[in-house]
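First the structure, in the form of structure tokens, and then the observations on it.
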Amino acid sequence: MKTPSVAPAAVSQTTPQIITLSGCWTALGLGAHAQDLVLRPATAQALLAVDASGIEALDTAGAWALHTLLAGPRGDGAMLSLRGLPTEFSALLETVRQHAMAQAHEAVPAVLAAPSVWENTGRGAVSALAQFLAMLSFVGESAQALVVWLQHPSRIRWRAVLFNLRSAGFDALAIVGLLSFLLGVVVAYQGADQLRQYGANIFVADLVGLSMLREFAPLITAIIVAGRSGSAYAAQIGTMAVTEEIDAMRTLGLSPQELLVLPKMLALVIALPLLTVFADAMGILGGMVMAKTQLGVGFGEFLDRLVKAVSITSYLVGIGKAPVFAAIIVVVGCFQGFRTQGGADSVGRQTTRSVVQSIFLVIVADALFSVAFSLLDM
């Protein structure tokens, strides 16, 4: 069976201003000479029109070649006009033209103006608001899980609580004790010169006692735990989110809040006040050592004055801040861990955010406590 003959596509110049197209402008009719047919008229300077009345057939390949001929570069910059194209071929040529324009538009990168300060501020505010609402949602989910715990105490995972109590509490004794001792030394040393000038050496006990018990001990303990344990919470949960372990928990009907958040919360609420008490003792010890060496105030004199200077209220004020700081550290650390998406870089990014936000919120909470206690005359 013979293949039916196809009239090859041809381009001829009938007059200096007009070229005539003929034959079958199809993939078969164009053959290997499509590029020659399209580029040949580009060098002519007098061409103004293309007569397409002689085209016998047109497919997508021919329409693309015809569009290229009409839109191709001209030496004189003039535009070619098309006339005589059979009506049944016009729709196909228009479709190809629109597609070519769309491709050209996508190929040219859009030049965007640099965002203004107000635009950046607005985006930052929207992002902060979205994160705040997401954290509120996370706190609500954790509160629901806590209610379930209280209703069903058998669901409390005591082994996880004890593990977190050891890692966040006992293992942190060394660093908390060392830094608290040094902080007590610094406070006493900075006040020694001023107190010596007025012969008020004994009042170093007031300075060290009130500053350490009310402010420095709970604050430095919370900051250390935020950097040490809060980052660990974010990294642990973030890694589980990346490896889809949290999704697997939800698939099995297990609550991630019950398994991951509440044991850490309960453990740190217990551990942080105890660490604060230890920090109080070490800070006072550091102040006593410096008072002995710089001001000649003995340990017995220091302790006698400390009992008179520091009331039980001042001591309990410092201890009372610790559970609030613990809740902030756990909520922020776990929340940032659950927001981890992507790969290992996201784990590191969310861990950094958890530490920064935890320390910031702890300091804000401490400032609010100071204002509230001042208004309550405590």
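Structure values in brief
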read-out	value
Given charges at beta-carbon only (K, R positive; D, E negative), |dipole| of the stretch 193-352 in Debye	220
Crossing angle, helix 231-242 versus the chain [Cα axis fit, 0-90 degrees, rounded to tens]	30
Rounded, prolate or oblate (a/c below 1.5 giving rounded, otherwise prolate when a/b exceeds b/c) for the stretch 229-378 by Cα gyration tensor	prolate
Estimated dipole of the chain in Debye, rounded to 20 [Cβ of Lys and Arg +1, of Asp and Glu -1, Cα centre]	860
Burial order of peptide ranges 214-227, 304-317 (average beta-carbon count within 10 Å, highest first)	214-227, 304-317
Candidate values (i) 26.4, 88; (ii) 39.4, 122; (iii) 23.6, 81, label of the one derived for Rg and Dmax of the Cα atoms in Å	(ii)
HN-Hα J in Hz across the stretch 324-329 - Karplus 6.51, -1.76, 1.60, θ = phi - 60°, x for Gly and Pro	5, 4, 4, 4, 4, 4
All aspartates and glutamates inside 20 Å of K308 as judged from Cα atoms, apart from same-chain residues fewer than 8 positions distant	D206, E215, D280, D377
Relative packing of peptides 192-202, 120-130, 58-68, 276-286 - highest average C-beta neighbours within 10 Å first	276-286, 58-68, 192-202, 120-130
Relative contact order (%) - criterion: Cα under 8 Å, at least six apart; region: the chain	17
Highest-fluctuation residue, Q103, Q131, Q151 considered, GNM on the chain with Cα pairs under 10 Å	Q103
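Rule-based calculations on the coordinates, nothing more; no lab input. Note that this is a predicted model, so its numbers are computed, not measured. Virtual Cβ from ideal backbone geometry, glycine too; neighbours counted across all protein chains shown.
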